[in-house]
Amino acid sequence: MKPWPKYPVIYEINTWIWLQELSRKYDRHITLSSVPQQEWDFLSSFDVDAVWLMGVWERSPAGLQIAISNEGMMSDFRHALPDLQPQDIVGSPYCVRRYVVGDNLGGKEGLAAARTALQKRGLRLILDFVPNHVAPDHPWTSEHPEYFIRGNPDDLLNDPQSFLKVNGNIFARGRDPYYPAWPDVLQLNVFNAGLQKAVTDTLLEIADQCDGVRCDMAMLVMNSIFEQTWGRRAGEKPDCDYWTELILEVKDTHPEFLFIAEVYWDLEWHLQQQGFDFCYDKRLYDRIIHDDADSIRQHLNGDITYQSKLIRFIENHDEPRAAFTLSPMKARTAAVALLTLPGAKLLHEGQFEGRKEKVPVFLTRRPEEPADRELEAFYKTLLNAVNNDTFRNGRWQLCESREWHKSNSNLNILAWCWQSDEERYVIILNFSNNEAQAYVRIPFEELQGKMWIFYDVLSGEIFEKSGDEMTESGVYVSLNPWEYSFFRIQISR
């Protein structure tokens, strides 16, 4: 395998749903060990660098019983799947009983076969890791109760929503500091030295089976957050943060192993400093969904070293579907932005087809939805356009959008450029509901004194511009609402 690119593109799949749908498609039971080769070929046609098989680890029967006894959860399941059947509910992939692949998904051998199939196509494999909590029937609850945040009979009596009795011990349920406890998981005590060693061993086993992990709610086990959440129950705070030593130890034997943090509360930079390769850019997601172009531009003015270690997305299994949240025009413009920014990119199975229903991760089935074939074609063209070394390893820079004729519509224009030794690209977007005009200055000084051809790789349009104009006054652009241009710049011959 080639080394990871600087800015990889990762494709998330809900593994259980995917295998169930393949089983119906081929009219036989399909596991990770028996996925038809043409399905792996289909995934490789997306021009991504890695596949995240979400939810492969053994789910908890105890957690499942808690879920189906919870009317709030059941209501969510019925909303997503009106014809819900008992067999559709298998429990949460983030209520992990053991870090082994269940036989129903193909077991350890099936995972190895899937990884081999991906490797043959130049793709890497990402899996999940959940640092904050485990299932109520995890072996540690009986073998190592000291690994958990503990409670007492008064806690259980006074706050049964936050504590659970298992094997004669009272454990705290998993939680973050701002919301009620999750009903189906138990809280690990990350300040416990024995747990830290056990987690390291677990992650080393995982690292033997894949190329990286997406770490669920990674900020919850930072010393400062964990102490805020659990106080004296956690015991003495360690000198070193949880992730710092753990990541170093795993990378000592697996130097190419990728760590991705699901992180919120503006803690991305802090986790980058603790060793994460990429951290969720939830702030950009929120600005794309709710704010204007100027807000996005301010976000993108951040230091490039910081931006290079963010992972961008417009949907994932925790967020609403982009086709549900955004208008069709805005969704396409957002996709162009997503795939042409620095940092890693996260794409979600169903995003290309325009699926609108967000399905709870507890379910193995989702409702039928018609595919948007035009959107599929758009994504195929876009992914092909960014499938080159310039966007994977090149140099990115924000472009200035200058005022045109005393109009402030230039504030609605977002523009940036990419450069490698051989290629140059400029991406310009109108991120608004109104027409917008601007002069976009392109900061490639080597353009001066020559004529250049602008080729729009998405629309096929071609025109010629002076290098002096591009670098001095700027290229004049006029874009309709949510319109975009994706230019490759080549010297005129």
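The values are calculated or read from the model by the stated rules, or taken from the named source; none is laboratory data. All of these numbers come straight from a predicted model, not from anything done at the bench. Heads up, the Cβs are rebuilt from the backbone with ideal geometry, glycines too, and the neighbour counts pull from every protein chain shown. Note: areas computed on protein heavy atoms with side chains; ligands, DNA, RNA excluded. Shrake-Rupley method; radii C 1.70, N 1.55, O 1.52, S 1.80 Å.
Surface composition of region 1-67: carbon and sulfur atoms hold 54% of the protein heavy-atom accessible area at a 1.4 Å probe. Across the chain, Cα pairs under 8 Å and at least six residues apart give a relative contact order of 13 percent.
Scaled against the 2.2 N^0.38 Å expected of a compact globular protein of N residues, the Cα radius of gyration of the chain reads 1.04. Rg and Dmax over the alpha-carbon atoms of region 252-337 stand at 14.2, 46 Å. Counting Lys and Arg as +1 and Asp and Glu as -1 over every other residue whose Cβ lies under 10 Å from the Cβ of GLU423, the net charge comes to -1.
In what sequence, largest accessible area first, do MET73, MET451 appear using a 1.4 Å probe? Show your work: numbers first, answer last.
Values: MET73 30, MET451 85 Å².
Sorted by accessible area, descending: MET451, MET73.
In straight-distance terms, cross-link reach from LYS406 covers every one of the aspartates and glutamates whose alpha-carbon lies under 17 Å from its own, apart from those fewer than eight places away in the same chain; here that gives GLU435.
Full extension of the segment from LYS450 to ASP103, taken as 0.36 nm per residue of separation minus the current Cα-Cα distance, would add 118.6 nm.
Apply the a/c threshold of 1.5 to the C-alpha gyration tensor of region 322-404 and tell me whether it is rounded, prolate or oblate. Intermediate values should be presented prior to the final figure.
Values: a/c = 2.21, a/b = 1.80, b/c = 1.23.
Because a/c hits 1.5 or more and a/b exceeds b/c, region 322-404 counts as prolate.
Note that region 435-448 has calculated 3J(HN,Hα) couplings of 4, 9, 10, 6, 9, 9, 8, 9, x, 9, 5, 5, 6, 5 Hz, one per residue in order, obtained from phi through the Karplus relation 6.51 cos²θ - 1.76 cosθ + 1.60 (θ = phi - 60°); glycine and proline are x. Put the Cα centre of region 1-39 next to the Cα centre of region 52-115 and the gap is 17 Å. Electrostatic bookkeeping for THR390 treats Lys and Arg as +1 and Asp and Glu as -1; over the other residues with beta carbon under 10 Å from its beta carbon, the sum is 0. Note on SER44 and GLU245: the extension gain reaches 68.9 nm, defined as 0.36 nm multiplied by sequence separation minus the Cα-Cα distance. Taking region 155-179 and a reference point 7 angstrom along Cα→Cβ of ARG232, the backbone N atoms nearer than 15 Å belong to 155.
For VAL9, the residues whose modelled amide H falls within less than 5 Å of its own, excluding neighbours fewer than 5 places apart on the same chain, are ASP49, ALA50, LYS345. Phi angles across region 344-351 convert, under the Karplus curve 6.51 cos²θ - 1.76 cosθ + 1.60 with θ = phi - 60°, into 3J(HN,Hα) values of 6, 10, 10, 10, 10, 4, x, 5 Hz, Gly and Pro given as x.
Output the pairs from LYS108/LYS197; LYS165/LYS197; LYS6/LYS380; LYS108/LYS356; LYS108/LYS282 with a Cα-Cα distance over 27 Å in this structure; if there are none, say none.
Values: LYS108/LYS197 23 Å; LYS165/LYS197 25 Å; LYS6/LYS380 22 Å; LYS108/LYS356 33 Å; LYS108/LYS282 33 Å.
Correct reply: LYS108/LYS356; LYS108/LYS282.
Each label point was placed 7 Å from the Cα along the Cα-to-Cβ direction; for GLN273 and ASP252 their separation is 2.4 nm. Across region 231-236, coupling constants 3J(HN,Hα) worked out from phi with the 6.51/-1.76/1.60 Karplus curve, θ = phi - 60°, read x, 5, 4, 7, x, 6 Hz, and Gly and Pro carry x.
The modelled label-to-label distance for the pair LYS120/SER75, using points 7 Å beyond Cα in the direction of Cβ, is 4.9 nm.
The three principal axes of the C-alpha atoms in region 192-313 carry coordinate ranges of 48, 36, 21 Å, sorted with the longest axis first.
Using 0.36 nm per residue, how much length does the chain from ASP303 to GLN85 gain when fully extended, once their Cα-Cα distance is taken away?
Taking ASP303 through GLN85 to full extension adds about 73.5 nm, to one decimal.
Close amide H partners of ASP277, meaning residues 5 or more places away or on another chain with modelled amide H under 5 Å apart, are PHE259.
Given the chain, what percent of its DSSP beta bridges are antiparallel, to the nearest 5? If you can, show how the numbers build up before the last one.
Numbers: 48 of 74 bridges.
That works out to approximately 65 percent antiparallel.
Each pair of Cα atoms in region 1-154 enters the Kirkwood radius, and Stokes-Einstein at 37 °C and 0.692 mPa s then converts it into a translational diffusion coefficient of 187 µm²/s. Region 263-301 and region 371-393 have Cα centres separated by 23 Å.
Where a ≥ b ≥ c are the square roots of the eigenvalues of the C-alpha gyration tensor, would you call region 1-72 rounded, which needs a/c under 1.5, or, failing that, prolate if a/b is larger than b/c, or oblate? Can you show the working numbers first?
Values: a/c = 2.80, a/b = 1.51, b/c = 1.85.
Note, shape of region 1-72 comes out oblate.
Output the direction-averaged projected area (hull surface divided by four) of the convex hull of the alpha-carbon atoms of region 140-269, in nm².
Working: hull surface 34.0 nm².
Computing the convex hull of the Cα atoms and averaging its projections yields 8.5 nm².
Annotation: amide H-H contacts under 5 Å for GLY174 (H modelled 1.01 Å from N, sequence separation of 5 or more, or interchain): TRP182, VAL185, LEU186, GLN187. Treat region 335-477 as a sphere of radius equal to its Kirkwood radius over Cα pairs and apply Stokes-Einstein at 10 °C in a medium of 1.306 mPa s; give the translational diffusion coefficient in µm²/s, rounded to a whole number. The diffusion coefficient I find is 91 µm²/s.
Residues of region 387-417 falling in the label zone of PHE463, defined by backbone nitrogen less than 18 Å from a point 7 Å along Cα to beta-carbon, are 401-405, 410, 413-416.
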